[in-house]
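To keep things clear, I will list the structure first and then write my remarks on it.
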Amino acid sequence: MSDNHVYKKIELVGSSRVSIEDAINNALAEAAKTVHNMDWFEVVETRGHITNGKVGHYQVSIKVGFRIVGS
């Protein structure tokens with residue numbers, strides 16, 4: 001196995017009625033069902049939906065890096 005790795009990045013949007021952190025966790029949990037070797041994420045954008053003057057739900061755009069197998 002090499003000390004050098006190659007990564008691919010994908011962009012996801014997670015949502016939650018609870019919190020920004022929950023929105024991130026929702027996106028990662030769903031992606032983990034089909035994407036393997038996820039190593040890191042970065043938050044690109046946060047936004048939300050307003051309902052009756054309050055936060056209806058949070059949306060978080062993240063980029064997720066995963067290691068290409070064999071690299």
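Structure values in brief
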| read-out | value |
| --- | --- |
| Hey, residue 28 of a type in the set (A, V, I, L, M), part of a strand (DSSP E or B) and open to solvent by less than 70 Å² (accessible area, probe 1.4 Å) or not | no |
| Every residue from segment 1-25 that is in a loop (DSSP other than H, G, I, E, B), among the hydroxyl-bearing types (Ser, Thr, Tyr) and within 14 Å of residue 69 (Cα to Cα) | 2 |
| In segment 1-27, the residues that are at pLDDT 95 or above and either farther than 21 Å from residue 55 by Cβ or among the small types (Gly, Ala, Ser) (or both) | 8, 9, 10, 11, 14, 15, 16, 19, 23, 27 |
| Hits in segment 26-71 (condition: within 12 Å of the chain's Cα centre (by Cα) and more than 30 Å from residue 4 (Cβ to Cβ)) | 26, 45, 46, 59, 60 |
| Residue match in segment 31-54 (condition: in a helix (DSSP H, G or I) and open to solvent by 40 Å² or more (accessible area, probe 1.4 Å)) | no |
| Filter result (touching a strand residue (DSSP E or B) at 6+ places or on another chain (Cβ under 8 Å) and either outside any strand (DSSP E or B) or open to solvent by 50 Å² or more (accessible area, probe 1.4 Å) (or both)) within segment 55-70 | 55, 58, 59, 63, 67, 68 |
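The values are calculated or read from the model by the stated rules, or taken from the named source; none is laboratory data. Being a predicted model, the structure only gives us computed values, none of them experimental. All Cβ positions, glycine included, derive from the backbone under ideal geometry; neighbour counts span all protein chains shown. Accessible surface areas use protein heavy atoms only, side chains included; no ligands, DNA or RNA. Shrake-Rupley method; radii C 1.70, N 1.55, O 1.52, S 1.80 Å.
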